[in-house]
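Single-structure report; data block below.
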Amino acid sequence: MYRFKISCTRNIDSFFIKMRFTSYKFVSFIQFYYVTSLVIQHVFVWRKSIQIPKYVGRHCTAFQTVLGKANFRVGLHFCFKKIAFAQFTDKIYLRDSTIRTMQLTGKNQVGNTLKAEGHVKFRTFNPKLNTENETIFTEASNVEINEAVALAQEAFGEFRGMSGERKATFLEAIAEEMEALGDELITVYMSESGLPNDRALAERLRTVSTLRMFAEVAREGSWVEARIDTAMPDRTPKPKPDLRKMNIGIGPIVVFGASNFPLAYSTAGGDTASALAAGCPVIVKGHPMHAGTSELVAAAIIRAAEKTGMPNGVFSNLNSRGTEVGVDLVKHPDVKGVGFTGSIRGGRALLDLAAKRKEPIPVFAEMGSVNPVVLMPNYLRENLHSIAEQYAESITLGTGQFCTNPGLILGVKSDELTEFMEVLGIEITRKKPTCMLHPTIANNFESGKLKLLQQDGTKIVNHSIKSDEPNYAQQGIATVDGTLFYQNPTLHEEIFGPFSLVVQCDDLDQLARIIEELEGQLTGTLLTEEAEISEHPEIVRALQDRVGRMIFNSVPTGVEVCPSMIHGGPYPASTDSRFTAVGSDSIQRWIRPVSYQNWPDELLPDELKNGNPLKISRKVNNFDTREALN
């Protein structure tokens, strides 16, 4: 017996039924037709007759449908050869790309209003089908950019003063509205990224969990880091004034959507959630690769804002095909900070642009990283095969399109290292090639590999057979001698995709020197026995100076969202190694301290009043307490 979940999307252009089956390996068209008939019988019947217009596509037709009060009559015709049993999603899709499965407008979300006054148009791209998606998006005009920033600046005056409870309610409402989007969000996400269903679901869960985490951060309130030093009027030779300090939001923040995380590092991702928790309105510069996903999430944020009484302008989402919208936003005098996840080139350009303003502003960019992995000899000898299996999985996870992908493996020349490379190469080829996010990213991956392999002394250990499918990555492993790697900075560059370079060092001293010459990284991993690494503190120190997160006997892929996480590192891993882009402490990017001297209690913010009405944790005369001051 087939079990299924059904959802319908209805608009003036089409009537589309989606079905999710626990078993989708149909033996014949008869079985498919039988199950479809069962679905039709269980579809909700509207009480008034409505008519869905006839939709005629190139390869399939959904005939005119009449839903009556007492009966349900449907005429259907499918061209069977165009039904795709897409096992990577466990869903059935009509392959004709002209069928619209949901109602996207392609407009900009300027505060609470949808607008499309610009003249630049573009579409997103489905890398799996290797074709453009249907919806036409309109890039934000200069007028819309200025209006979004003006609304954000106006909203800041009210939003900054809202209680932590109100901001928490808003963030929780965003999470609920995102979840309410259901399969529509997942379908658009997959059509614009080529990523599978399980990844989409996991990323949505991560995103709503982050929103709820920052709701608790806002509600609990200790992010303001309230400090109180009471007056000592009798102190000699000079009386001590009453001083009180707390953090406040800095103002409207521009968030750049990331190509490789359409949800978690984009419209309602960690940058947006942390900024809103700090009382800062957000303007998202949507990534052109997933503009449809951004529109759906932006609409969810606006619904949440309206439900919870947030000021108009607390959030905007602007479409952009190229760089112009982002440049204009960063240059706008009322923008007070920038969050970016992407390439070194893009992040550096924004950093330079912000520095040239009359009033420079912070740009918190999380950029490139090769995430070095150190293979200590004894540990490798005992765990060779398990390490190879584990790292083949990590290198190919998400088609290697993670900023924490292990792109560099450092070991000492030995028979074990040679065997490890061979086994890792074999394990890599056993992984089925998967689709990259976009043809441009796929092309950059291939050109990056070619550039590396043209360098002296580099050679391929093994790589997968090139897929016949367009935009699928050919994962692989290469190797080079330690001396050549040390002398050639080109070999230190990130290759964004499922690829890793194994460096064969002469000894551990050379390995330590190579680490010292690396640029800043997000992560550094030690695969070692405790006793073995304790004899080489210079390697630990070298790695610590180069990275933001030190990993012991694991893989760098996977970034836990929690207070102890650091997702950042020395430049160019990030533009400011003192801050993290993930975890509750990422709110610190959007705040600044303000001190109050000798202020009357009734005029102080609630966070600093003697009575501590918010019951937050405060440091009073160097002691942590939630108690009121006498």
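Quick notes
- Estimated FRET transfer efficiency (Ile465, Arg578; beta-carbon r; R0 41 Å; 0.05): 0.35
- Across the range 472-477, rounded Karplus estimates of 3J(HN,Hα) from the backbone phi angles (6.51 cos²θ - 1.76 cosθ + 1.60, θ = phi - 60°) give 8, 7, 9, 6, x, 10 Hz, Gly and Pro being marked x.
- Virtual spin-label span in nm between Gln455 and Lys615, 7 Å along Cα→Cβ: 5.8
- Here the contact order of the range 490-593, divided by its residue count and restricted to Cα pairs under 8 Å and six or more residues apart, works out to 24 percent.
- Hz values of 3J(HN,Hα) by residue in the range 369-377 - Karplus curve (6.51, -1.76, 1.60), Gly and Pro given as x: 6, 9, 6, x, 10, 9, 9, 7, x
- Partners for Lys356 among aspartates and glutamates (Cα-Cα distance below 17 Å; same-chain residues under 8 apart left out): Glu324, Asp328, Asp334
- Two-site label geometry, Glu560 and Val120: point separation in nm, points 7 Å out along Cα→Cβ: 4.2
- Counted charge near Phe256, where neighbours are those whose Cβ lies closer than 12 Å (Asp, Glu -1; Lys, Arg +1): -1
- Computing FRET efficiency as 1/(1 + (r/R0)^6) for Glu324 and Thr490, where r is the C-beta to C-beta distance and R0 is 35 Å, gives about 0.65.
- Amide H contacts under 5 Å for Val461, placed H, 5+ residues apart: Ile477, Ala478, Thr479
- Too-long pairs where the Cα-Cα distance tops 22 Å, listed order kept, from Lys128/Lys466; Lys128/Lys432; Lys167/Lys307; Lys245/Lys285: Lys245/Lys285
- Full-extension gain in nm, Lys432 to Leu629, via 0.36 nm per residue minus C-alpha separation: 64.5 nm
- Sites matching trypsin sites (Lys or Arg not before Pro) across the range 348-385 that sit in DSSP coil, with at most 10 neighbouring C-beta atoms within 10 Å: Lys356, Lys358
- Rounded Å value of the spacing that divides the Cα centres of the range 338-407 and the range 129-156: 29
- Take the Cα of Glu165, step 7 Å toward its Cβ, do the same at Lys307, and the gap between the two points is 1.9 nm.
- Charges were assigned to the Cβ only: +1 to each Lys and Arg, -1 to each Asp and Glu. The resulting dipole of the range 274-417 about its Cα centre is roughly 620 debye.
- Residue ranges 320-327, 264-271, 514-521 sort as 264-271, 514-521, 320-327 when ordered by packing (mean number of other C-beta atoms within 10 Å per residue, highest first).
- For the range 338-432, size of Cβ-based charge dipole, Lys and Arg +1, Asp and Glu -1, in debye: 680
- Sites matching trypsin sites (Lys or Arg not before Pro) across the range 433-501 that sit in DSSP coil, with at most 12 neighbouring C-beta atoms within 10 Å: Lys466
- For the range 522-533, 3J(HN,Hα) computed residue by residue from phi via the Karplus equation (6.51, -1.76, 1.60; θ = phi - 60°) reads 6, 9, x, 10, 10, 9, 7, 7, 4, 5, 5, 6 Hz, glycine and proline entered as x.
- R0 of 35 Å, Cβ-Cβ distance Glu516-Glu422: FRET efficiency to nearest 0.05: 0.75
- Annotation: for a label point projected 7 angstrom from Cα along Cα→Cβ of Thr440, residues of the range 279-298 with backbone N closer than 18 Å are 285-295.
Any read-out appearing in this document is the output of simple, stated calculations on the displayed coordinates, not a laboratory observation. Keep in mind that this is a model prediction, so the values were computed, not measured. Note that each Cβ is placed from the backbone with ideal geometry, even for glycine, and that neighbours are counted across all protein chains shown.
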